[in-house]
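To keep things clear, I will list the structure first and then write my remarks on it.
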Protein chains: 4
Amino acid sequence: MKAVEISAEWSPKPSFKLGSKDIDGKLTYLGSQVWKNPVVTVIDDKPIPKIKPNEVLLQVKRCGICGSDVHMAQSYDDGYIYYPGLTAFPATLGHEFAGEVVEVGSQAINKRTGKLYEKGEPVTVEEMVWCGECKPCCDGFPNHCERLQEIGFSIDGAFAEYIAVPSKLCWSLKKLEGKYEDIYKIGSLVEPTSVAYNAVIERGGGIRPGENVVILGAGPVGLASARILKTAGAALCIVSEPNEHRAKFAKTMGADYTINPQKENFVEKVKEYTDNDGAALYLEATGLPQVVTEDIQNCIWECKSVNSTVVIVARAEQRMPVCGEYFQVRRARIVGAQA
Amino acid sequence: MKAVEISAEWSPKPSFKLGSKDIDGKLTYLGSQVWKNPVVTVIDDKPIPKIKPNEVLLQVKRCGICGSDVHMAQSYDDGYIYYPGLTAFPATLGHEFAGEVVEVGSQAINKRTGKLYEKGEPVTVEEMVWCGECKPCCDGFPNHCERLQEIGFSIDGAFAEYIAVPSKLCWSLKKLEGKYEDIYKIGSLVEPTSVAYNAVIERGGGIRPGENVVILGAGPVGLASARILKTAGAALCIVSEPNEHRAKFAKTMGADYTINPQKENFVEKVKEYTDNDGAALYLEATGLPQVVTEDIQNCIWECKSVNSTVVIVARAEQRMPVCGEYFQVRRARIVGAQA
Amino acid sequence: MKAVEISAEWSPKPSFKLGSKDIDGKLTYLGSQVWKNPVVTVIDDKPIPKIKPNEVLLQVKRCGICGSDVHMAQSYDDGYIYYPGLTAFPATLGHEFAGEVVEVGSQAINKRTGKLYEKGEPVTVEEMVWCGECKPCCDGFPNHCERLQEIGFSIDGAFAEYIAVPSKLCWSLKKLEGKYEDIYKIGSLVEPTSVAYNAVIERGGGIRPGENVVILGAGPVGLASARILKTAGAALCIVSEPNEHRAKFAKTMGADYTINPQKENFVEKVKEYTDNDGAALYLEATGLPQVVTEDIQNCIWECKSVNSTVVIVARAEQRMPVCGEYFQVRRARIVGAQA
Amino acid sequence: MKAVEISAEWSPKPSFKLGSKDIDGKLTYLGSQVWKNPVVTVIDDKPIPKIKPNEVLLQVKRCGICGSDVHMAQSYDDGYIYYPGLTAFPATLGHEFAGEVVEVGSQAINKRTGKLYEKGEPVTVEEMVWCGECKPCCDGFPNHCERLQEIGFSIDGAFAEYIAVPSKLCWSLKKLEGKYEDIYKIGSLVEPTSVAYNAVIERGGGIRPGENVVILGAGPVGLASARILKTAGAALCIVSEPNEHRAKFAKTMGADYTINPQKENFVEKVKEYTDNDGAALYLEATGLPQVVTEDIQNCIWECKSVNSTVVIVARAEQRMPVCGEYFQVRRARIVGAQA
C-alpha cells in the first residue's frame, strides 16, 4: 500500500541526555534535540499491517494535517527538526483520522456494543496509545502513560491506505450516519477538537451556561474552543486575533465579538463588550503566553468577575513561560493543557 | 484607652493614578505608591469606640504581630512604605486578635447561637470587613468585596484595649473553653492560620488522606500549612527551608522531612523521600516563586504523580511573577492564593 | 395603591409544635399545619411602602403566578391551606416579578455599577430575603438563612403597584434593553427559571457539552430545565410527560424526544433514543419520585452510562420520599433541590 | 497445593431471567437467584496456576475472611445462597489478601518501578478484574467494567497457597517494609479498607479538616471509615452503634463519642456532642438505611450545618431502599457507594 513516511537521522545534540524512557537510536521524548535532516517520502509498497487479537484493521477514509506533522518535517538552520515531543522514526505520519473497520481481531471489542467489532463500522481513533497497566494509567491519566506511544509520531500513522490500531482506542461514528454527509471528515476532526475540549472542559472545568468567555488566538485550538464554549452556553464569546481572516472565521465558529489586539486595546474592548463583567474563563491559545498574560491579568483585575479560570494551552514547538502576577492570581485559577 | 497608631503622609508618587476605589487623601489600594514617612505612636487617650446596632465591643485579649504590621512601618530609602495594599491612615494597627464581648449592639447576632451576643463570649474576628451587598459578596466572594475595609489597615485595629467590630465578623471561641489553657492566644492565631487554610484547603482543594505534600518555605504560611496538611492526612510532608531554626520548627509542626535547598538538591531529595512518587500538592510559600518554580516543575516532571496541584501564595510586599513551563504545566494545576 | 392580599386564621393543628424560628400568631415554617380558611382580597388603598436606606422602591411591571400562590389560597376539606412552607399572613402575594426603580435609599447600591441605583433601572428580584449575618449566610448558603423572610409569603409581595425591596436582592435587567421587546416579562421569569438552574446546574453540577439528559415531568421546572440543559450543550434531551399538551411544549423548549410513560415503556424508549447510552443527568421533576424512581434506577442499570447524577426536585406541597435501590445507587449520585 | 473451594448447583429460580452478561450454567450477576446448596471443600491437590505474560504468581501470605465469603456459603431454607452478586462456581474463595511475588510474566510491570516485577516483592491485589477496554473502563470507571470478573467470586481466589493475578491489579507493599511488623497483614486489610475509603473519600468527596462526621454502624465499613475520617482531620467523629463491643472498638478506631441508638436519642446526642452544629458528612453503614434514614434527616434538619453529604453504603445481601424526605434533602447531597 501507499504511505507517507518521515525519516531523520538520530544525531543527539551534545547537551542531550538520554531520558529514562528514551531508547537509544530509536525513540525520544525530545524530538528537536535528537532528530536531524528530516525527509518525507511517499512509499508505494509498504505492506498492509497485520492485526493482533486486540486490534482492528482500518481502511483510512480521512486524515487531517496537523501543525505537528509540518513541524516534524521542518528543520532549523542546524538541521534539527522543529517538533520537540515524543518521536521514533521512520514512521508513517498522520494522527487526525477516521476509517472503516475492514478486519477484526479475535478480542477486538467495540465500546459501542460491548461485542466484537463488525466489519464496516466507521470509527475515529485516539492518537495516544496507552498501556492501561502503569501507575498513571491505573490512576485515570492514560495521557500520562509511562509507556506511551503516539500514532503518527512514534508508531505508524494514517497517511496510508490501512492502519492497524488497538480496538480500545477506537470510537464508533455509527450514530452519526444519516445525520451528516461525510462522517469520516467529522471523525477526522475529533482528535484536534478534543485538544480544545480537554483544555476548556476537562482541565478548565467548563463554564456554567450564561457565563462569558474570552479566547486569545484563533488558531485551531482557539477556534474549536469558541464553538465548544458557545455550545456549552457561553453568553458572550470574545476572540482576540490579529489575523483578519482568522478573526472572521472565529465569527462563523461562534464568536460574538472579535478584537484585533494590534489595533485595539484588548482590556478596554473586553470591558466594553461585557459591560465591565469580564469573563469566567480565559483561554490562552496564542502560543505566546509571555506576550498576552499581562493583558489577561489586567482584564481580571479591572473587571467585576472574580474566581475566573485561566487555561493555558501550550504549543509543542517550544517550552514557554506561563507568567502571572500575584494581584491577579488571587482572583483566578490557572490551569495548564497541552496542544 | 491606649492604642498603637500608624500615620504617614499622603504623597502619591508621580506615576500613581488614583484607582476607582481609592479616596484622595485618605484611602488607597496601593499603599507603597502613596504613603511616605510612616510614624507609629502609642496614644494614651484614644476614646473607647461606640458600637453600632450590628456591632459588639470587644476587650482585646491577644493580638499577634503580622509581617504586614512591620511592613507598614518600614520604608524604602525614598520614604515610601513597604506595604503595597489597602491602607487608610491614621489607623490603629493589629488584625490578628481575639477578645471578649463586653458590649452588644441591638442587632448583633452570635452565629454560634443564632441569638444576640452575650457579654463574656470569647471571639476571634475576620480581618476583612465585607459589605455583603456588592456583586462579589453576593456571588460568594466576600474577600473580593468592592467596598472592602481591612481592620488594622484601613480602619482601626486591635493594638488597643477595645475595638468595635460588626458581629457578623466574629466567630465564637466558646467551644474551646476547658480544652485549652489560653483560648485567646489560639483565637489570635486563627487569622494567620486561615491564610494557610484558604491556600491549601479552599483554593488548592486539599488532599486525599494518604497523599504526599511538599511545602517550599517555612514562614508562617508554610508552617501553618504543614500542620493543616498533616491534619488532613498527608502521608509525607516535606518542607524545603534554608534557615535551620525554621526547618527545625517545621518538624515540630508536622514535617516528616526537611530539605535545605541551598545545600541539598531539592528534586533529588523529594524523589528520595517519596520513592519517586512526588506529591499531590506543592505549596509555594517562599515569596519567591521566580526562584523556586523551576524546582517545582522539575519535581513534577521527574516524579510519578501526575495531576498535582501547585498553590502559589503571594506576599503582599511586591507583585511577583508566577512562572511555569509548558511540559510541566500539563501535569499540574496552578492555583493562586494571597498571604 | 392596589394590592392582592392573602389572610387566614392562625389555628395550629393539635399536633403542631411551635418551631424554634416560628413566631406565635404570626409566622410559621409549616404553613399547612397552622393557617386555616384563606381569603384573597383586592385592597384598593394600601399605602405605598416607605423605603429604608438600603432599599429601593419598585414600580411593579410584571408578576407571574406561581403554583405556591395558588396553594396558599387553596385549602383542604378541614380548612387548612395546601402550602406547607414559610408563611406569615396577612401578606401581599407575588414573588415572580420585575419592576422599575422609582425611589432609591441612601445606601442602595446597584450591583451592576457598584454605585447607588439610578431611577429608571429595570430589575428583577430574589424572592428570599437573607440576613447576610447568620452562620449559613456567612458560609455561603443564604438560601438557608436562619432569619429568612420570603417576599410574597411572609412579607409583602409584588401583586401590587409598588414594592420596597433591599437593593442587594435586585439584579439589573439593563443589559437586556434593546435585545428583547419586553424585558420585564423576561425578568419576571428569572425566579422560576432559577429554581431549575439551581437544580440542574448549581446543585446537580451541570453536564459536559455532548452528554445526554433525561427529564421526568414537563411542569415549569422540567420545561425550564430542558431549555437550560440544551443551552448547556445536551446532545439529547428526552422528556417524559403523559400530558400531550405539555409534551408538545417540551419540544418547543428543546426536547429532542418525548416519552408518554403511560403509553410507552420509559426504559425501553430511553435505551432506543440513546442507543443504550442512557444519560449523564436524570432530573426528577414530576413531584412524584416514589412513582418514577424505579424507572430511573432501571434506566441507569440497563444503560451504559455510569456515574450519572440524579437530581430530585421536591415540591412544596408535601414531604415526599426519595427512594433508590442499592444496585443502582452505586452507579449514580443523588442530589436534592427544592422547587 | 491446598485451596478452599466453594461449589453449588446452578439451579435458577423460575423468576430468574438470564442477564445480558450472565453465562448459562456458569456465571451470574445475581448469585442468590441461581446458586443452590453451596458446599465448601478443602482441596489438597489443586494444581499451582500457570501465569500468563501479564501476570505474576503470588505466594499468599495473608487472606481475610469477608462477610461475602460467609454469605456465599450460607443458604436460605430453600437452599439458595445469601450472596446476591457476581459469582461463578466452583471457585477458590478469598479476596482480601497479600502475598509475595514468586514468578513473573514477561510483561508483568510493577507500577512502583515502571519495570518488570522482581521476585520477592510484597503486594496486595485489587479484587475486581477489569478489562481496560470497554466503555466504562475507558471512561475511568473500571469498577463498572462490562466484562468484570471478581477474584474469589467468579474466578479463583486466595484461600490457597498460590494465586496468579494480572500485574496491573497488584500494588506494592515495599514501602511499608521496616515500618510495620507484618506488612502482609496490613496488605490484606487494604481491600476492605478501600471500600470505606471509596465511600467516604472518593464517592463522598471527603471532608475539610475540622469538620464533624457522624457514622451509623460500626461494622467493618463504619470502623474503617472512622479511622479514615479522623485521619482526614475530622474534628468530631461520632459513631452510632447498639452493640457495646463494637462501640468500644469504634473508640479505639478514632470515634470521639459513641451513641447507643437503642438506648439514647440519636438526634439529641448528635446535637449535644456537636453543640448543635451537626456534621458535614453522614455515613450510613448499618445496612439498614430504611431504619436510620429518618434520624439522619432529622439531624440535618435540626442542626446548623447545611450542605451536608449523606453517603449510603449498600450491603450486597439485598436491595435496600434509600429514603430521604424533601425538606431535608434540600440541605444535603446523597451519594451511593457499595460495600
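The values are calculated or read from the model by the stated rules, or taken from the named source; none is laboratory data. In this text, all values refer to a predicted model and were calculated from it rather than measured experimentally. Counting neighbours? That spans all protein chains shown, and the Cβs are built from the backbone with ideal geometry, glycine included. All accessible areas refer to the heavy atoms of the entire protein, side chains included, with ligands and DNA or RNA removed. Shrake-Rupley method; radii C 1.70, N 1.55, O 1.52, S 1.80 Å.
Here are a few things to note about the model shown:
- Within the stretch A:100-113, residues that are among the hydroxyl-bearing types (S, T, Y) have Cβ atoms under 7 Å from residues that are in a loop (DSSP other than H, G, I, E, B) in these pairs: A:S106/A:P53, counting only partners at least 6 apart in sequence or on another chain.
- For the stretch C:209-224, the set of residues classified as crowded, with 19+ Cβ neighbours inside 10 Å and closer than 16 Å to A:T231 by Cα consists of C:P209, C:E211, C:N212, C:V213, listed by residue number.
- Checking each residue of the stretch B:148-159 against the condition of being within 11 Å of another protein chain (Cβ to nearest Cβ) and outside any helix (DSSP H, G or I) gives no match.
- Just one residue in the set B:K230, B:K269 is over 21 Å from the mean Cα position of the chain (by Cα) and either more than 16 Å from B:S308 (Cα to Cα) or in the same structural domain as B:E127 (by TED's automatic domain parsing) (or both); that residue is B:K269.
- Residue match in the stretch C:209-216 (condition: among the aliphatic types (A, V, I, L, M), assigned to a loop (DSSP other than H, G, I, E, B) and in contact with a Ser or Thr (Cβ under 9 Å, 6 or more places away or on another chain)): no
- Yes/no for C:G140 being at pLDDT below 95, assigned to a loop (DSSP other than H, G, I, E, B) and small (G, A, S): yes
- Some residue of the stretch D:66-81 being acidic (D, E), on the phi < 0 side of the Ramachandran plot and surrounded by 19 or more Cβ atoms within 10 Å (Cβ to Cβ): yes
- Residue satisfying condition, being under 17 Å from C:M128 (Cα atoms), within 21 Å of the chain's Cα centre (by Cα), at pLDDT 95 or above and aliphatic (A, V, I, L, M), within set C:A73, C:A88: C:A88
- For the stretch B:1-37, filtering for residues that are assigned to a helix (DSSP H, G or I) and open to solvent by less than 30 Å² (accessible area, probe 1.4 Å) leaves 2.
- Considering the stretch B:176-185, the residues that are touching a residue at least 24 places away in the same chain (Cβ under 8 Å) and open to solvent by 60 Å² or more (accessible area, probe 1.4 Å) include one that is nearest to the other protein chains (Cβ to nearest Cβ), namely B:E177.
- Of all residues in the stretch B:1-12, none satisfies being modelled with pLDDT under 95 and aromatic (F, W, Y).
- Test: residue in the stretch D:148-169 that is farther than 23 Å from D:M1 by Cα, at pLDDT below 95 and open to solvent by less than 50 Å² (accessible area, probe 1.4 Å): yes
- The residue of the stretch C:110-120 that is nearest to the other protein chains (Cβ to nearest Cβ), among those that are open to solvent by 20 Å² or more (accessible area, probe 1.4 Å) and assigned to a loop (DSSP other than H, G, I, E, B), is C:G114.
- Residue check, C:E133 buried (at least 19 other Cβ atoms within 10 Å of the Cβ), within 12 Å of another protein chain (Cβ to nearest Cβ) and farther than 30 Å from A:Y273 by Cβ: yes
- Residues of the stretch C:121-130 satisfying the condition of being surrounded by fewer than 23 Cβ atoms within 10 Å (Cβ to Cβ), assigned to a strand (DSSP E or B) and within 14 Å of chain B (Cβ to nearest Cβ): C:M128, C:V129
- Among the residues of the stretch D:186-195, those identified as in contact (Cβ under 8 Å) with a residue 60 or more places away in the chain and assigned to a helix (DSSP H, G or I) are D:I186, D:G187, D:S188, D:V190, D:E191, D:P192, D:V195.
- In the stretch B:40-51, the condition of being in a strand (DSSP E or B), modelled with pLDDT of 95 or more, in contact with a Leu (Cβ under 9 Å, 6 or more places away or on another chain) and open to solvent by 50 Å² or more (accessible area, probe 1.4 Å) is met by at least one residue.
- For the stretch C:87-109, taking the residues that are farther than 15 Å from C:A164 by Cβ and out of contact with any helix residue (DSSP H, G or I) (no Cβ under 7 Å at 6 or more places or on another chain), the one that is surrounded by the fewest Cβ atoms within 10 Å (Cβ to Cβ) is identified as C:P90.
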